[in-house]
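A short reminder: the numbers here are calculations on the coordinates, not readings from a lab. Note that the structure is a prediction, hence the values are computed from the model and not measured. Note that each Cβ is placed from the backbone with ideal geometry, even for glycine, and that neighbours are counted across all protein chains shown.
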Amino acid sequence: MSIQVQNIHKAFGHFVALDDLSLDFPSGELVALLGPSGCGKTTLLRVIAGLEQADSGKVLLDGEDASDTHVRERQVGFVFQHYALFRHMTVFDNVAFGLRMKPRQERPSEAEIKRKVHELLQLVQLDWLADRFPAQLSGGQRQRIALARALAVEPRVLLLDEPFGALDAKVRKELRRWLRRLHDELHITSIFVTHDQEEALEVADRVVLMNHGMVEQIGTPDEVYRHPATSFVYGFLGSANRFEGRRTAGGIDVGGTRLAAQADHAGEDSEVVAFVRPHELEIRLEQQDAGIPARITRVLSVGALTRVELEGSGSQDGQHYDVELPYETWHAQTFTAGQQVRLQPRALRVFTHNETAGRA
Amino acid sequence: MSATVSNLYAQHDRAALLESRQATRENPWVKAGILVAALGFFAVFLLLPLAVVFVEALAKGWGTYLEALTEPDARSAIWLTLSAAAISVPLNLVFGVAAAWAITRFEFRGKQLLITLIDLPFSVSPVVAGLVYVLVFSNHGWFGPWLSEHDIKIIFAIPGIVLATVFVTVPFIARELIPLMQAQGREEEEAAVVLGARGWQVFWHVTLPNIRWALLYGVILSNARAMGEFGAVSVVSGHIRGETNTLPLHVEILYNEYNFAAAFAVARCWPCWRS
């Protein structure tokens, strides 16, 4: 089932959580709502579920206006950040809850409920825990039970609020893969909220980047990573080195050093911000004229990658830069900590300043 | 060694783990001192008075004891106390749950006022509370003329006693529930609604099971206070023997008449119902 939200506005007192936001979630996709905390992503999820009422705007489920439909009738499955399992019920009763609450005419027989609950518990591979209470489960198990409980009522949409937020790193990775597989099996339209860019890029079909109650960019993980639309998106998706300067013909000028860049933004001599990923920044010898002057402060060689931390010198004094390069490349060169070098970006993304001013 | 340690942890027996090692064990003198202080305090201030009540009640033998309980004035007092509790505790139960629900689940104007109002009976002296009812409902009070015109008696009658009892017992259940419900949050209830549960289903299947122990404790406290209330009830009751005397008032009258055995006999029977 498709979901559309149109011109949703929601404020809590003076704080605007969602600012005239419109989005389309196509049927059958797994979409990630990604953004820093306080960007309005959870509020949007709750508005879609009906747990929160928008001040204005519409939510369309399958093309029908559902703004005035009660949560009960929206047929959404919601997985809460802290699972919200009923602590006084066994795992079985938790999963059966939605079926048992149905009006008498629609309620399946107890035998049918039993069959269905066990089927769901098998789906989440936790059938052997049916008699336990939530307090006796690990975080990852609780998460999967919460998902089974949400799926029991055969929702048309699955909404997950920070589904892996409260888990440790290893379980988190396992569950991510597992959720992706589950979605490929069930093909139910799903939206999940996360502040972890790695999680969003790895699991989702499509990523919606949000900031300050507005959508910054929508696209496949590859699109948003390779072609970030705004400086916020660039900065949020992975680490970045930041340069401030002025636009010149065919490049930018950073404190007297000219860096080449694609001239995709008009307006010469305007203030700009440029970003470079750590693996796209090259370290060169001081004698070469081009590049930003910097001094190597620290070298970290762990595994296949070497991370070099540098501090800007001259006009860029006090700036911090990160460079990543393969261990072999680093080893073949003769740089040492404390040495004066020049930094030359291979790919530079330039954003005009007013684009950043209101958002970053 | 490490096997024993993990075993102890598995049994959630932190205390035993701490006791098992010299490094974490408390000085035996400190332990003994704390125990003696705690138990001694309870013995002197709680157990001793109770024991005295029992001994004094039976000082003149079982006959006097039973007589004190079965004479008409005592039976009337017992009956009145039970009725007042039977009315005020259910009222407080409904009101307390409703108030705690409203305060912890909704945002509304006047929320702080409601919280203050719930605490009011704790901060007002019971005698003053009784006097307020006298001022409002007695013959010379605000509604006095209207009430006597319609032949309704509140002060110096059972309705007044019930009103006073309700007033002093209002905070117990709500106060017990509010912190618990705040700590538990509303996520489980939201989960139930998303799964299709209706309002009363959410309350019955999710809210109530989560608050049942706090609720029970609130009911016990509220019942104990309802049966034991002296000040407020004393002001509104008028002390009419056999009619508006509750148990605490009856005990006081007997005591003032130097009828110690009967006073203690009645006093003895009443903590039994209180809990």
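Among all the aspartates and glutamates, which ones have a C-alpha under 19 Å from A:LYS114's C-alpha, if same-chain residues fewer than 8 places away are not counted?
Straight-line reach from A:LYS114, under 19 Å: A:ASP93, A:GLU106, A:ASP127, A:ASP131, A:GLU154.
Which one of A:GLN136, A:GLN287, A:GLN197 has the biggest mean-square fluctuation once chain A is modelled by GNM with Cα springs under 10 Å?
A:GLN287
If each of A:GLU328 and B:ALA59 carries a label point 7 Å out from its Cα toward its Cβ, how far apart are those two points in nm?
It works out to 10.3 nm between the two label points.
How fast does region B:5-123 diffuse by Stokes-Einstein, in µm²/s, taking the Kirkwood radius from C-alpha pairs at 25 °C and 0.890 mPa s?
116 µm²/s
List, in order, the whole-Hz ³J(HN,Hα) value for each residue of region B:88-97 obtained from phi through the Karplus relation with A = 6.51, B = -1.76, C = 1.60 and θ = phi - 60°; use x for Gly and Pro.
With coefficients 6.51, -1.76 and 1.60, one gets 6, 5, x, 4, 5, 4, 5, 5, x, 5 Hz.
Other chains' Cβ within 10 Å of A:64-77 residues: what's the mean?
2
Over 32 Å between Cα atoms, which of A:LYS58/A:LYS170; A:LYS41/B:LYS111; A:LYS116/A:LYS170; A:LYS102/A:LYS173; A:LYS41/A:LYS102; A:LYS41/A:LYS170 qualify?
Among A:LYS58/A:LYS170; A:LYS41/B:LYS111; A:LYS116/A:LYS170; A:LYS102/A:LYS173; A:LYS41/A:LYS102; A:LYS41/A:LYS170, the Cα-Cα distance tops 32 Å for A:LYS58/A:LYS170; A:LYS102/A:LYS173.
Which value in Å does the Kirkwood hydrodynamic radius of region B:61-272 take, with 1/r averaged over all unlike C-alpha pairs and then inverted?
For region B:61-272, the Kirkwood estimate is 19.1 Å.
Per DSSP helix of 4 or more residues, -39500 (n - 2.57); summed, then divided by the residues of the protein assembly as shown. What does that give at 222 nm, rounded to the nearest 500?
Dividing the helical sum by the residues of the protein assembly as shown leaves -14500 deg cm²/dmol.
Per q in 0.26 Å⁻¹, report the Debye log10 I(q)/I(0) for region A:112-199, using one uniform scatterer on each alpha carbon and no solvent.
At q = 0.26 Å⁻¹ the computed log10 ratios are -1.58.
Report, largest value first, the span of the C-alpha coordinates of the protein assembly as shown along each principal axis, in whole Å.
Taking the Cα atoms of the protein assembly as shown, the three principal extents are 113, 68, 57 Å.
Please quote Rg/Rh for region A:175-296 to two decimal places, taking the Kirkwood radius as Rh and restricting both calculations to Cα atoms.
1.09
What base-10 log of the normalised intensity I(q)/I(0) is obtained for chain A from the Debye formula, alpha carbons as equal point scatterers, at q = 0.10, 0.11 Å⁻¹?
For the requested q values the scattering log ratios are -0.75, -0.85.
Using only the alpha carbons of region B:57-163, determine the length spanned along each of the three principal axes and report them from longest to shortest in whole angstroms.
60, 38, 23
Please check: in the Gaussian network model of chain B (C-alpha springs, under 10 Å), which one of B:ILE115, B:ILE34, B:ILE240 has the largest mean-square fluctuation.
Its mean-square fluctuation being the largest, the pick is B:ILE34.
With the convex hull built on the Cα atoms of region A:241-354, state its orientation-averaged projected area in nm².
Taking a quarter of the hull surface, the average projection is 7.0 nm².
For A:GLU280, A:GLU328, B:GLU190, what ranking results if the residue with the fewest other Cβ atoms within 10 Å of its Cβ goes first?
A:GLU328, A:GLU280, B:GLU190
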